[in-house]
Amino acid sequence: MKTFEIRKCFLEFFKEKGHRIVKSDSLIPKNDPTLLFTGAGMNQFKEYFLGLRTDLKRAASSQKCLRTGDLDQVGKTPYHHSFFEMLGNFSFGDYFKEEAIEWAWTFLTQEMRLPQEKLYVSVHKKDEEALDIWVRKIGIPKKLIARLGDGSNFWPANAPQTGPNGPCGPCSEIFFDQGETYPGATKKFWAEDESGRYAEIWNLVFTQFERQEGGKLVPLQSKNIDTGMGLERLACIMQGKQNNFDTDLFVPLIRVLKSQAPGHESLNQSSLNAIADHIRAAVVAIADGAHPANDGRGYVIRKLIRRAVWQGRSAELETPLLAPLVPVVITTLKDVYPELSSLEKSIAQTVSSEEERFRETLESGLEVLTARLKELREKKNKILPGEEVFRLYDTYGFPDELTRTIAKQSGIQIDEKKFEALLSEQRKRAKASSKLADRIFATPEINQDLLKLPETRFLGYQTLEADAKILWANFSGEMGAIALDQTPFYPEGGGQVGDVGVLEGKNFILIVSDTQKKERAVLHYGKLKKGKPKAGDSCRAQVDRDKRDATKRNHTATHLLQAALRTVIGTHVRQVGSLVSPERLRFDFTCGKPLTSEEIGKVEAWVNRTILENAAVESKEENYDSAIQSGVLAFFGDKYGDRVRVIEVPGKSKELCGGTHCRSTGEIGAFVITTETSIGSGTRRMEATTGLNAIRYVKDLQQTVAQIALALKTSPDQTAEKIGKLQKKVRELERSGGSQAKSSVDTSEIDDWLNSAKSIGKMKLITQTLENESIASLRHLADQLRSKAQETVFALFGVQGAKVNLIVGLSKDLTASPLNAKEMAQKMAPLLSGSAGGRKDLAQGGGTNAKGIQQAVLRLSELIRKTVGK
């Protein structure tokens, strides 16, 4: 049975049992302070488990999950994965143990047709109720049922002893016997066989207690069911395999990987398995909005990609390794996640860019390691300190496995104990800094009164004024919020800010400064101008028309901007964030390089031509799956319902969007791009303005140019020529050693440096090599960096023929830190065949060896690490 058939069969089975089939949540949880990634099917139902929501009693899903706790085991065992799908059925105060057990057994033995004699079960040693159901209702001999403790058959594991506090309960697990011929199988009681012969299929959690302080278990008034079954593991069994990596989800990937290595018969299979697993995780996570970065979710994705690249390097596979696998992953998943197809080029570019970046990092790390091992051999030292192994791992992303291999070839061992200690400390720091809540069932604070309110009817697509009735009001002095039965006010969402305006009743006036949706109610926040409203009062709701019109111009322009970028730059461009306000629009998108001025001009012209065409902006509701299949663009970090709103400019743009928009493109008036910058690896940010704001922006620029022309004693149309002449004089001054020469680097480039700075612990490091920059111009750049940067060390190299100029500096907030720019410059300069001197916060020097710049940068990284640690 194919994997997609198993998934479909599971969901249809529970639909017939009265369950609502709920789409998989994003891998990036919304409003959940406990998680970096969705790791279980129950995550999106937490509010139902806690009784905060009661509109759903039974649910079933196939949930995308990502876990990295056992990353070192992935590829080496038959069942470990970072990304997987979890099949689950859930009951919120409805059915309990008997139905959960009976339906699980029925599904496996009748729908999947697994032989009953191949199935084994375990229960918690104190759960007599579950034991009785398995024996009496299902007919399993009591002697074959394993009765286990809190470590294996309680959720969360060992919760009675160690917590956390909150809902918990015993569980019952179902296992499948893979036969006596399974490698390492024993004749012990099945639960004592550790060979892997008995594969866990399904975990049934009976949430019946609340753990309180001191380990006290208090019975819940409303008991719940939470089950989880790994889709990949069930597919393995249904397809007659003993390893998940031999199923139809992984075989196409393994086949492509083997084709990249002639004589692949000798390849390490665990390496191929790990690559296949990690690329699946990366593809789905990137599609859901996670991008490689140095912290948080981005760090996890970066780590997965880098581990895959390292495994490929170890297996001597051809490069590029990962980008060719992206369409293969998508082919295996597109039946259930059709949106992946439209994101293929964007994902492939992100993965390719990250792979290339890591290969460069590996080369740098290899140079450092090779030099250090040479020093150790010369000193006849046989131990590579754990601190240095960790620095390679942490600073360069250099795999510790590779360090071990290379060190061993040189007859040197690594200090494993110290390395593991540093790694453990790093994990603890990462957990502490992640701001994840300790409790599994931690949720954002929810106002119980708001949960009781009906959904506010939104009228804002049709009108900006409406009569309404107050359902709820909460004020502290003059400040507060009101919920209405219906409203024309748009609540913040989809990147668009909330509407502002006025609510006026017989006895009150509220100046609305923001609109937000909380639960099902739309809340109007503001300041009372007079009186005090109360529930039951009537009022007139009036949106600020000028602000709304300006906002909708920017929102429609945002859609056109994305279409223009995909037309000019390529269809790999996709949205990763946005802000739409009355004053401006901000659009974050995937792109591996800065846009040239010519490309920016083409994008701006494309949008303005579409505005001049005065094309209709159409709005309609469609079925989600049909819309996605038709090629509509969506922001896949969001979760959509079965019915979605589609905004289309025929032949130009088609996106899912709940925001407010113009009726035709001509209403936008004008479109001007104001900035284009980097906000991280492979991610750019473009800001623009429209309508009257665009005209004001252009007028301000004209005034600025006029003032510059006046200062230069020329006309505005001759300003560029005059500046060119001045630049020529500057270059002449540089060549003659003029002390006041300024750099030709502009402010936007410096901003890019700041945004793309490398992280070393809490510090940032900026290094730039510039052509034809004198020491004076480097000092000028240093002054700008010192005033703008925070917690940043920078090194600027100016190459003038055979000469190298060097500036090393600290941002102003590091003046009192243990870092010393003078000492660092003096240790870097010899690598440039030169010398340096200066102050603690700013030093300069130079040399005659430009080839030594890379080594100087590596030396600087090491010095920072050694001085400030983590």
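Amide H contacts for Asp25 (H built 1.01 Å from N in the peptide plane; partners 5 or more residues away or on another chain; cut-off under 5 Å): Lys64. Per residue, the Cα convex hull of the chain amounts to 210 Å³. Farthest toward the positive end of the dipole of the range 208-306, out of Ala281, Ser222, Ile305, is the Cα of Ile305, where the dipole comes from beta carbon charges about the Cα centre. Only DSSP H runs of four or more residues enter the estimate; each adds -39500 (n - 2.57), and after division by the residues of the chain the mean residue ellipticity at 222 nm equals -11500 deg cm²/dmol. The label point for Gln409 and the one for Ile708, both projected 7 Å from the Cα toward the Cβ, are 5.4 nm apart.
In this structure, the pairs whose alpha-carbon distance is over 19 Å, taken from Lys552/Lys620; Lys652/Lys699; Lys382/Lys866; Lys17/Lys57; Lys23/Lys223; Lys764/Lys812, are Lys652/Lys699; Lys382/Lys866; Lys23/Lys223. Excluding Asp415 itself, calculate the net charge of residues whose Cβ lies under 10 Å from the Cβ of Asp415, where each Lys or Arg counts +1 and each Asp or Glu counts -1. That sum, taken over residues with Cβ under 10 Å, equals -2.
Scanning residues 5 or more positions from Ile414 or on other chains, those with amide H under 5 Å from its amide H are Leu384, with H placed 1.01 Å from N in the peptide plane. Each peptide in 379-387, 640-648 receives the mean, over its residues, of other Cβ atoms within 10 Å, and ordering these scores from highest gives 640-648, 379-387. If R0 is taken as 45 Å, the Cβ-Cβ distance between Glu455 and Asp783 corresponds to a FRET efficiency of 0.20.
Taking each residue as 0.36 nm, the span from Asp642 to Glu375 lengthens on full extension beyond its C-alpha to C-alpha distance by 89.7 nm.
Using Cα-only point scatterers and the Debye equation, what is log10 of I(q)/I(0) for the range 534-664 at each q in 0.11, 0.14, 0.16 Å⁻¹, rounded to two decimals? Relative scattering, expressed as log10 I(q)/I(0), comes to -0.44, -0.68, -0.87. Normalised by the number of residues in the range 249-323, the mean separation of alpha-carbon contacts (under 8 Å, six or more apart) gives a relative contact order of 33 percent.
Ligands, DNA and RNA are left out, and with a 1.4 angstrom probe the accessible area of the chain is 46 Å² per residue. Packing-based ranking of 709-720, 366-377, 828-839 yields 828-839, 366-377, 709-720, ordered from highest to lowest mean Cβ neighbour count within 10 Å.
Take every pair of alpha-carbon atoms less than 8 Å apart whose residues are at least six positions apart; their mean separation over the length of the range 303-430 yields a relative contact order of 22 percent. For the range 209-222, the Karplus equation 6.51 cos²θ - 1.76 cosθ + 1.60, evaluated at θ = phi - 60°, returns couplings of 10, 10, 7, 10, 3, x, x, 6, 9, 9, x, 7, 5, 10 Hz by residue, with Gly and Pro reported as x. In this structure, the amide hydrogen of Asp544, modeled 1.01 Å from its nitrogen in the peptide plane, lies closer than 5 angstrom to those of Val500, Gly501, Val502, counting only residues at least 5 positions away or on a different chain.
With a simple spin-label model that places each label point 7 Å from the Cα along the Cα-to-Cβ direction, the separation between Asn243 and Lys382 comes to 3.6 nm.
Sequentially through the range 66-72, phi angles give Karplus couplings (6.51, -1.76, 1.60; θ = phi - 60°) of 9, 9, 10, x, 10, 4, 5 Hz, Gly and Pro residues having no value and appearing as x. For the range 322-387, the relative contact order works out to 27 percent when only alpha carbon pairs closer than 8 Å and six or more residues apart are counted. Using +1 at the C-beta of Lys and Arg and -1 at the C-beta of Asp and Glu, which of Leu148, Val868, Gly501 has the Cα lying farthest in the positive direction of the dipole of the chain? Comparing the listed Cα positions along the dipole, Val868 ranks first.
Label zone of Lys216 (point 7 Å out along Cα→Cβ, amide N under 14 Å): in the range 144-171 this covers 166. Between Thr677 and Glu367, the contour length at 0.36 nm per residue exceeds the Cα-Cα span by 108.4 nm. For Lys547 and Lys699, a Förster radius of 22 Å and the Cβ-Cβ distance give a FRET efficiency of 0.60, rounded to the nearest 0.05.
In this simple spin-label approximation, Asp335 and Ser833 carry label points 7 Å from Cα along the Cα→Cβ vector, and these lie 6.5 nm apart. The packing ranking of peptides 503-516, 46-59, 694-707, 83-96, highest mean first, is 83-96, 503-516, 46-59, 694-707, where packing means the average number of other beta carbon atoms within 10 angstrom of each residue.
For the pair Gln269 and Leu144, the difference between a 0.36 nm per residue extended length and the Cα-Cα distance amounts to 41.4 nm.
The values are calculated or read from the model by the stated rules, or taken from the named source; none is laboratory data. The structure displayed is predicted, hence computed values, not measured ones. Glycine gets a Cβ as well: all are built from the backbone with ideal geometry, and neighbour counts include every protein chain shown. The accessibility values were calculated without ligands, DNA or RNA, using every heavy atom of the protein model including side chains. Shrake-Rupley method; radii C 1.70, N 1.55, O 1.52, S 1.80 Å.
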